[in-house]
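A quick write-up on the structure given underneath.
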Amino acid sequence: MFTDKMMMSPWDRWYSTSCCLCCHVRTGTIILGVWYMLINAVVLLILLTALSDPEKYHLTSAELANDLDVMDDANMCIASAIALLMILICGMATYGAYKLRAAWIIPFFCYQIFDFALNTLVAVSIVVYPNTIQDYLQQLPDNFPYKEEVTGLSNICLVLIVLLFIGCIIGFKAYLIACVWNCYRYVSGRGGSGILLYITTNDTTVLLPPYDDSVSIPCKQAPLSYISAEATA
């Protein structure tokens, strides 16, 4: 028993069909996909509203207290395209988890890996260049809430607070990546076990059920021993 656990790969050792201590990984992936779709749908709606009335939602560089004009039409069009693409990717993951199509989950899993890598790079950049936090705070508008209180903190305190916040986000995203990966493995396993096997003899053809279905069927009675079988014959 101990040797079997030692010979297991790390992927099999961390594999689980439950997430959030209460639901199946397939259900969790569906909920996660729907949640991401709702968020990106709201973002897309806000961006389309801003594009329809650019004078009302346009922020100039003077209002942002920097030299960047981040709310121009080109950037909003790019953000709208990204939000639409994210809705498509999340919809594919939701459909793949619901219909047991493993290939449809892969784009959403790749997006999670990319997002996790970006958050990790942000954490590394804060450790390497801690003064960037103060530079970022100085670029905020003067009417930003609690700007004076936050800028009054020391660099070490700011770095620790930001790293703690980003660390919690990275840990949560890593858990969601594990849930989606376990769902992909579960769906892939179900797809492989759903193959029907035909055994052909000289005069008969037997159709075997999938392995999961055959295991789930309880035995009504114990099979006869060889001695009793010969006696009845």
### Task
Provide a single number: the residues in region 88-109 that are open to solvent by less than 90 Å² (accessible area, probe 1.4 Å) and not in a helix (DSSP H, G or I).
1
### Message
Cβ-Cβ under 7 Å, sequence separation 6+ or interchain: first residue in region 98-109 and farther than 14 Å from residue 186 by Cβ, partner open to solvent by less than 60 Å² (accessible area, probe 1.4 Å) and not in a helix (DSSP H, G or I). Which pairs?
### Response
none
### Message
Tell me whether region 12-35 contains one or more residues that are at pLDDT 80 or above and within 28 Å of residue 145 (Cβ to Cβ).
### Response
yes
### Task
Could you check how many residues of region 133-174 are under 27 Å from residue 112 (Cα atoms) and small (Gly, Ala, Ser)?
3
### Query
Which condition does residue 140 not pass, out of (1) touching a residue at least 60 places away in the same chain (Cβ under 8 Å); (2) in contact with a helix residue (DSSP H, G or I) (Cβ under 7 Å, 6 or more places away or on another chain); (3) open to solvent by 50 Å² or more (accessible area, probe 1.4 Å); (4) not acidic (Asp, Glu), if it passes all the others?
(3)
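The values are calculated or read from the model by the stated rules, or taken from the named source; none is laboratory data. What you see is a predicted model; the values in this text were computed from it and never measured. As a convention, Cβ positions derive from the backbone with ideal geometry for all residues, glycine included, and neighbour counts pool all protein chains shown. Remember, those area values only see protein heavy atoms, side chains included, never the ligands or the DNA or RNA. Shrake-Rupley method; radii C 1.70, N 1.55, O 1.52, S 1.80 Å.
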